[in-house]
Structure formats: structure tokens, C-alpha cells
Amino acid sequence: MPARIYITRPLPAGVAEHLREAGMEVEIYPKDQVIPQDVLLRAVEECDGLLCLLTDMIGREVLARAGRLRIIANYAVGYNNIDVEEATRRGIAVTNTPGVLTDATADLAWALLFAAARRVVEAERYLREGRFQGWGPQLFLGQEITGRTLGVVGLGRIGQAFASRASAFRMKILYNSLEADPEFEGAYPYGASRVDLDTLLQQSDFVSLHVPLTSETHHLIGRRELRLMRPHAVLINTARGPVVDEAALAQALREGWIWSAGLDVYENEPAVHPGLLTLPNVVLLPHVGSATFATRLRMGLMAAGNLIAYFQGRRPPNLVNGGVWKNG
Ligand code: NAP
């Protein structure tokens, strides 16, 4: 019997075909929207493999219904949407898509940094509104980027890719991570050192977040941390929304504790804190960190590759819960 795979939303062309060519039966939720919970619950009862998205909450209720499910292939590097502990307890493999979205996400973090530092969105809106009266010496003054200090929180794949791009701007790097990375420090030409989070927040002109969402990183940046930052500092978040206390951030931006922010992710997506929506000094993107044509295809093929490996009896290359793998 061929393995039955359920995909929770249409993906780039080529992904489902890749699975079918490997002999799998594929069903796809047909609408380009988040799959309704009742449809997801029915789907997991009847599939052997699930290809799901970060917007699909795969918690206890879903897993309890997934009697024949063997593997969940998440179409994301972050997997905080899945109760991995419960999946592991049930012997269900969980995989993610590391590496293939690193550059796209690091690039987008820089797009946010530039936009927030140089008031790109605010200035563009002003022009479109017909308010541009010609060059002005005080028009949309922003923060200098070249030569300043960049704080990187979480020096993993994306954090490193983001940080390495700073050499073009001759920036000094402060980073906070669980372990020091002497190789990165040695290779970076303008000085990179590991410091504790408080020091990073106190001394950086720009702070960019690249940690996964875990119980330890939930509200890593809250009221106290925002108070430590410099009044001209810019905060960038392309990691996960709940890493920042959004209500505290709205207050910090409104009251000038920090200068501006650029966000791709939110605490309660797709909702955005109403206090942020009315502020001029925050750039708000709709979670598009990995949204390039090439990256989204690579993510799909990687997720499919994990499913194919599993059902061919091989260890999925991007297995998150290695403990479930008993075949060698
Ligand atoms: P990664 O390679 O695992 O990097 C995460 C880094 O954070 C690791 O070095 C990790 O250290 C470190 N870390 C974990 N907890 C920490 C803490 N409390 N303080 C400091 N550092 C900590 O993952 P990645 O591929 O770079 O992805 C990072 C995150 O970006 C993902 O989890 C995802 O949530 C987010 N993301 C967002 C988008 C988007 O569309 N906006 C796209 C892709 C990814 P250890 O390795 O020692 O645990």
C-alpha cells in the first residue's frame, strides 16, 4: 500500500509531484488559506504522513486523532507549532527545513533594518500622499548604519548569515548565544564578541533577534530589556513574535525608549497589537522572511524529501526528534 500524504495548503509546483513520483498518494487541502481545524482533524485520521505549515497547530488534540500518522514534515525551520514531546511519545517523527531559508530570511532582516533605520516606509507613504515639496535639510532624518554596533541575539544559521552581511557596513558585532563561536569571531573583520544579553542591549545601535521560540525565549525582550536599550536603537524581529512582549514594545516605541522597530512576526498572528498599527516608527511585514520563489520551492522539496526518506526506510535528513528513529 502506498503511503498517504496530506498537505495542508497548496505549495509551489513540483512538491506534490515529487512525492507522487516516489510512489506516494497525495491529497492537498485545496484552498489557499489556513486549513480549518475540523478538516485537519479528519485529515490526520487518514494519513501516514502530514506536510504542514507553521500556521497549523499540531497539539495534543490533533495528535490524539492521528492513529496512523508516522511523520510530520513541517514546512518551516521553526517547529514551535508542533507539540514535539507528545509526537515523540507517540513515536511520530517530526522534521523541519533548516538551511534552505537562511539567506532569504537574513536578507529580509536587513530589509527591515534599513527600512526602520532610514524611515523608508514612512517617507514613501509621505510622497504617495502628495506631500513631497522638494528636497529638505530636515526631511526624514534617520539613523546612520555604517560603522555602528550591531547586536545579534542567537548566532545560529540565520543569525550568522545576518551578522556576516554587516561587514559590508564596517559594523562592530556584539552577539548573545548559548555558546561562543570563536570561528565566527575570527572570520569577522570588524570585531565580533559574545556578551550577555543586558550588555548587548545597552551597547548596540541595532538589535536583531534570531533565536527559536522556546519556553526560555518567550518574552526574552520585555519591558525591562527595552528599557536597557539606547534611545536611538532599532529592534528587528524576524524570529518568532512571542520572543518580544508586543504590548511593552508598543509602549517603548510610543514613549521613545527606543527609536524604531522592524517586525516580520507577531505574538498572536495574524493579529497585530493595535498599539503598533498606529505608530509611524515601526515597519510591519506579514511574516514574509522566507518568501522568495526559490526558497519556498526548496523548503517544499526538503519537506517532501523527509517524507520520502521515512517511507523508504531511511532516517529523514532533518529529523528533529531523533529518539523516534529505531531503524539503525
Ligand atoms: P538555528 O540555526 O537553530 O539558530 C538559533 C540559534 O539560537 C542557535 O544558535 C541556538 O543555540 C540559539 N539560541 C537558542 N536559545 C537561545 C537563547 N535563549 N539565547 C541565545 N541564543 C539562543 O535556527 P535558524 O535556522 O537560524 O532559525 C532561527 C529561527 O528563525 C527559527 O527558529 C524560526 O523561528 C525563525 N525563522 C523565521 C522566519 C521568518 O519567516 N520570519 C524564517 C525562518 C526562520 P543552540 O543551537 O545552542 O540551541
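The values are calculated or read from the model by the stated rules, or taken from the named source; none is laboratory data. Quantities reported herein were computed from a predicted structural model and do not represent experimental measurements. Because the Cβ atoms are built from the backbone with ideal geometry, glycine has one as well, and the counts that use them run over all protein chains shown. Ligands, DNA and RNA are stripped out before the accessible areas are found, and what is left, the full protein with its side chains, is counted by its heavy atoms. Shrake-Rupley method; radii C 1.70, N 1.55, O 1.52, S 1.80 Å.
All but one of (1) in contact with a helix residue (DSSP H, G or I) (Cβ under 8 Å, 6 or more places away or on another chain); (2) assigned by TED's automatic domain parsing to the domain that holds GLN202; (3) surrounded by fewer than 23 Cβ atoms within 10 Å (Cβ to Cβ) hold for LEU301; which doesn't?
So the condition that LEU301 fails would be (2).
Within segment 163-175, work out how many residues are in a loop (DSSP other than H, G, I, E, B) and either of a type in the set (S, T, N, Q) or near the ligand (Cβ under 9 Å from one of its atoms) (or both).
Residues flagged as in a loop (DSSP other than H, G, I, E, B) and either of a type in the set (S, T, N, Q) or near the ligand (Cβ under 9 Å from one of its atoms) (or both) within segment 163-175 amount to 0.
So TRP257 clears everything in (1) touching a His at 6+ places or on another chain (Cβ under 8 Å); (2) aromatic (Phe, Trp, Tyr); (3) surrounded by fewer than 20 Cβ atoms within 10 Å (Cβ to Cβ) except one condition, right? Which one?
Of the numbered conditions (1) touching a His at 6+ places or on another chain (Cβ under 8 Å); (2) aromatic (Phe, Trp, Tyr); (3) surrounded by fewer than 20 Cβ atoms within 10 Å (Cβ to Cβ), the odd one out for TRP257 is (1).
Looking at PHE140, PHE132, which one is at positive phi and aromatic (Phe, Trp, Tyr)?
PHE140
Take the residues in segment 120-154 that are in a loop (DSSP other than H, G, I, E, B) and of a type in the set (Gly, Ala, Ser), then tell me which one is nearest to SER260 (Cα to Cα).
Ranking the qualifying residues of segment 120-154, first place goes to GLY142.
Report yes if GLU86 is in contact (Cβ under 8 Å) with a residue 12 or more places away in the chain, away from the ligand (no atom under 16 Å from the Cβ) and out of contact with any helix residue (DSSP H, G or I) (no Cβ under 7 Å at 6 or more places or on another chain), otherwise no.
No: the conditions fail for GLU86.
Which of the residues that make up segment 212-231 are open to solvent by 20 Å² or more (accessible area, probe 1.4 Å) and either farther than 18 Å from ARG254 by Cβ or assigned to a loop (DSSP other than H, G, I, E, B) (or both)?
PRO212, LEU213, THR214, SER215, GLU216, HIS218, HIS219, LEU220, ARG230, PRO231, listed by residue number.
For ALA116, work out the one condition from (1) within 16 Å of the ligand (Cβ to nearest atom); (2) out of contact with any helix residue (DSSP H, G or I) (no Cβ under 9 Å at 6 or more places or on another chain); (3) open to solvent by 10 Å² or more (accessible area, probe 1.4 Å) it doesn't fulfil.
(3)
For GLU255, indicate whether it is at pLDDT 95 or above and under 19 Å from the mean Cα position of the chain (by Cα).
Considered against the rule, which asks whether it is at pLDDT 95 or above and under 19 Å from the mean Cα position of the chain (by Cα), GLU255 comes out as no.
Hey, any hits in segment 176-186 for a residue that's within 12 Å of the ligand (Cβ to nearest atom), assigned to a loop (DSSP other than H, G, I, E, B) and crowded, with 20+ Cβ neighbours inside 10 Å?
So far as segment 176-186 goes, no, none of its residues is within 12 Å of the ligand (Cβ to nearest atom), assigned to a loop (DSSP other than H, G, I, E, B) and crowded, with 20+ Cβ neighbours inside 10 Å.
Could you list all residues from segment 192-211 that are open to solvent by 10 Å² or more (accessible area, probe 1.4 Å) and of a type in the set (S, T, N, Q)?
SER193, THR199, GLN202, GLN203, listed by residue number.
What is the residue count in segment 216-244 for residues that are over 22 Å from the mean Cα position of the chain (by Cα) and either of a type in the set (A, V, I, L, M, F, W, C) or within 16 Å of the ligand (Cβ to nearest atom) (or both)?
Residues meeting the conditions: 3.
Going by the structure shown, is GLY134 free of Cβ contacts under 8 Å to residues at least 40 places away in the same chain and of a type in the set (Gly, Ala, Ser)?
So GLY134 fits the description; yes.
Of the residues ALA261, ALA248, ALA252, ALA304, only one is farther than 19 Å from VAL121 by Cα and in contact (Cβ under 8 Å) with a residue 60 or more places away in the chain; which?
So the residue among ALA261, ALA248, ALA252, ALA304 that is farther than 19 Å from VAL121 by Cα and in contact (Cβ under 8 Å) with a residue 60 or more places away in the chain is ALA304.
Among the residues in segment 274-292, are any assigned to a helix (DSSP H, G or I), at pLDDT 95 or above, within 15 Å of the ligand (Cβ to nearest atom) and buried (at least 20 other Cβ atoms within 10 Å of the Cβ)?
No.
For segment 154-162, check the following and say yes or no: at least one residue is more than 8 Å from the ligand (Cβ to nearest atom) and open to solvent by 30 Å² or more (accessible area, probe 1.4 Å).
The answer is no, given that none of the residues of segment 154-162 is more than 8 Å from the ligand (Cβ to nearest atom) and open to solvent by 30 Å² or more (accessible area, probe 1.4 Å).
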